[in-house]
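Each remark here refers to the structure printed beneath this line.
The values are calculated or read from the model by the stated rules, or taken from the named source; none is laboratory data. Because the structure is predicted, anything quoted here is derived from the model rather than measured. Using ideal geometry, Cβ is built from the backbone for each residue, glycine included, and neighbour counts are taken over all protein chains shown. Just so you know, the surface numbers come from the protein's heavy atoms only, side chains and all, with ligands and any DNA or RNA stripped out. Shrake-Rupley method; radii C 1.70, N 1.55, O 1.52, S 1.80 Å.
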Amino acid sequence: MAEIGNDSVWKQADADNITGTQPSWSGAASPATIDDAGRAMMGAVKREHAWRNFTVTAGGTANAKTLTYTEAPAALYSGQRFAFIANTVNSDTATLNINSLGAKTIKKVVAGTVSNLASGDMPANTRVEVEYNLSADYFVWVNRTPVEPTVANTFGGV
C-alpha cells in the first residue's frame with residue numbers, strides 16, 4: 001500500500017484521488033473506480049497528514065507567520081493541529097495565519113500559565129506544532145521542545 005506521504009497517489013484535493021496504483025478498496029480496482037466518498041476520505045487523510053507533519057516552512061515575517069497549504073482548511077476548529085518549520089526567529093508576540101483564514105496569536109504554556117511568546121522563543125528552523133483553541137481564538141504551541149536548527153534540514157530537505 002502506498003504511504004500517505006506519496007504525493008503521486010494520495011492527493012489533498014478529493015477529486016484528484018483518481019490516479020496511482022494504490023490504495024485499492026476492492027481487490028485490484030484502480031483508485032479511479034473509488035466512489036466520491038472514498039476519494040473524499042483519501043483527501044481528508046492527505047490534508048490531515050500535510051497539516052500535522054512538518055511539510056511546510058512558514059512564510060511571512062518574524063512575528064506574522066503564514067502557512068499556505070495546497071488545500072486550505074475550510075475553517076479552524078478546536079483541537080485542530082498544524083506543524084511547520086519556523087522561517088525566522090520571533091522578536092515579539094507572534095501570530096499565525098493559515099491560508100488567509102485570519103491571523104491568530106501563538107501562545108505558550110509555562111508552568112500552567114498561557115502567555116504570549118517572548119522575543120526569541122521561536123528560533124528559525126524550529127519545528128513548531130500548534131493547536132487551535134476556538135473559544136479563546138488563539139493557537140497554543142504544543143511541542144515547545146527546542147530542536148537544533150540542523151535537524152530541520154535532515155529529512156528530505158524539509
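Taking residues in region 96-115 that are in contact (Cβ under 8 Å) with a residue 12 or more places away in the chain and of a type in the set (Lys, Arg), and partners anywhere that are crowded, with 16+ Cβ neighbours inside 10 Å and not in a strand (DSSP E or B), the pairs with Cβ atoms closer than 8 Å and at least 6 places apart or on different chains are Lys104/Leu76; Lys107/Leu117; Lys108/Leu117; Lys108/Asp121.
Residues being under 26 Å from Trp10 (Cβ atoms) and at pLDDT 95 or above are entirely absent from region 103-125.
Per the conditions (1) modelled with pLDDT of 90 or more; (2) crowded, with 18+ Cβ neighbours inside 10 Å, the sole criterion not satisfied by Ile34 is (1).
Listed by first and then second residue, the pairs with beta-carbon distance under 6 Å, at least 6 apart or on different chains, first residue in region 52-66 and within 18 Å of Ser91 (Cβ to Cβ), second open to solvent by 60 Å² or more (accessible area, probe 1.4 Å) and of a type outside the set (Gly, Ala, Ser), are Asn63/Asp92.
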